[in-house]
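The values are calculated or read from the model by the stated rules, or taken from the named source; none is laboratory data. All values derive from a computational prediction rather than experimental measurement. Every residue, glycine as well, gets a Cβ built from its backbone with ideal geometry; the counts of neighbours run over all protein chains shown. Accessible surface areas use protein heavy atoms only, side chains included; no ligands, DNA or RNA. Shrake-Rupley method; radii C 1.70, N 1.55, O 1.52, S 1.80 Å.
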Amino acid sequence: MTMMEGMNFAAIDIGTNAARLLIKNIDHNPLGETKFRKVLFIRYPLRLGMDVFSKGKIGKERAEMMMRMIKGFKQMMRMYDVVDYRACATSAMRDAKNGKALIKKIEKKTGIRIDLIEGKEEAGILYGNHIEKLPNKEGTFMYVDVGGGSTEITLIHQGRLVGSMSYNIGTIRLLNRAVKDGIVDGLKADMAGMYANYGPINIIGSGGNINKLFRLAEEKSKKELKLPITSLRSLHNDLQPLSVEERMDRFGLKPDRADVIVLAAEIFLIIADCIHSDYVYVPTIGLADGIIGELYAKAMQDEKERLSRSRFYLNAEAQGLLNAETVESDE
């Protein structure tokens, strides 16, 4: 058992389509392996991108919604005795003219600091969280996270990071016709280049939409968490001609999922076609999980350093290099 066991860590992920609060507890199994047990998960359909990609900024009503949301998340973290947290905002907040000003206002009112992270950092957090969970690190994989405002792509070869890219192509951006000319063609060209260098590449998928598509698909491997591209294409073809209301009725989708899920499937299919993927591996883990993983790693490093300092002082005292009074003053 470590000093961390039983502690709760939290992550707030403020995306373009939705915001999420995730709280996890640190646990260890009899083999001594560290396990993260989900304590609480809240998804709030904030939809910042609906303002940002149509008006260029976050409107007053949605800013007030965000303020109330953060206050609520703060109370939930208090209720669950969270020892450390990190709040991150991604594509929509990066693009909003008033994004930084709103973040400062929220911190002043709530005490919650929100980090505005770039696409490459977002991809790096996601990569670090998923690479350890790959069933087989041999070969080449492409980590693809499709969000509301951007798509983060990380290439992994033989278990090592080759490179990360961020493209301003996302479901809310597409819904608002806010994807600039040439970006999709640039994505396709980059993907074709990767296929030329590495051959066929399978995908590790992330994001609420691919998780939902995996659950809806009839043909899949539940045990291996694999969604065949043929199955994804078939499901896309079933969903595409339906209205938002029909998707909600037939597939049990929420409104803020029903209007973007087809667009997400299209982004995955564009990439899969370019790199000749057979399947999408869907581990249903996202940015918030990666944030908590990093918080725990930092806490473990701090604990190791504290123990190392303690051992140094104990050894020094035993050798007569420090007296007990010096040790007490250092503490």
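Residues Lys223, Lys109, sorted by accessible area with the largest first, give Lys223, Lys109 [1.4 Å probe; ligands and nucleic acids excluded].
If the only charges are +1 at each Lys and Arg Cβ and -1 at each Asp and Glu Cβ, what is the size of the charge dipole of the chain around the Cα centre, to the nearest 20 debye?
Working: 48 positive and 44 negative charges, 236 e Å.
Taking the Cα centre of the chain as origin, the dipole is about 1140 debye.
In the chain, the DSSP-assigned H stretches of four residues or longer account for a calculated mean residue ellipticity at 222 nm of -15500 deg cm²/dmol, using -39500 (n - 2.57) per stretch and the full residue count as denominator. Going by accessible surface with a 1.4 Å probe and the largest first, Ile117, Ile183 read Ile183, Ile117.
Candidates Asn237, Ser221, Val262 compared by Cα position along the dipole of region 218-262: farthest toward the positive end lies Ser221, with charges placed on Cβ. Across region 226-299, the mean sequence separation of Cα contacts (distance under 8 Å, 6 or more residues apart), normalised by length, yields a relative contact order of 45 percent. The overall shape of region 93-210 is oblate: from the C-alpha gyration tensor, with semi-axes ordered a ≥ b ≥ c, the ratio a/c is 1.5 or greater and a/b is no larger than b/c. This structure gives Cα Rg over 2.2 N^0.38 Å, computed directly, and of [x] 1.25; [y] 1.12; [z] 0.99 that value is listed as [y].
Centre-to-centre, using Cα atoms only, region 231-265 and region 80-120 are separated by 31 Å. The length gained by stretching the chain between Asp115 and Val184 to full extension, at 0.36 nm per residue less their Cα-Cα distance, is 22.0 nm. Computed from backbone phi with θ = phi - 60° and the Karplus coefficients 6.51, -1.76 and 1.60, the 3J(HN,Hα) list for region 241-247 is x, 7, 6, 4, 5, 5, 5 Hz; x is used for glycine and proline. For Met248, the accessible surface of its heavy atoms amounts to roughly 60 Å² (probe 1.4 Å, protein chains only, rounded to the nearest 10).
A simple spin-label model places the labels of Glu107 and Val162 3.8 nm from each other, with each point 7 Å out along Cα-to-Cβ.
Please determine, in degrees from 0 to 90 and to the nearest 10, the orientation of helix 183-198 with respect to the longest principal axis defined by the Cα atoms of the chain, where the helix direction is its Cα long axis. Orientation of helix 183-198: about 70 degrees from the principal axis.
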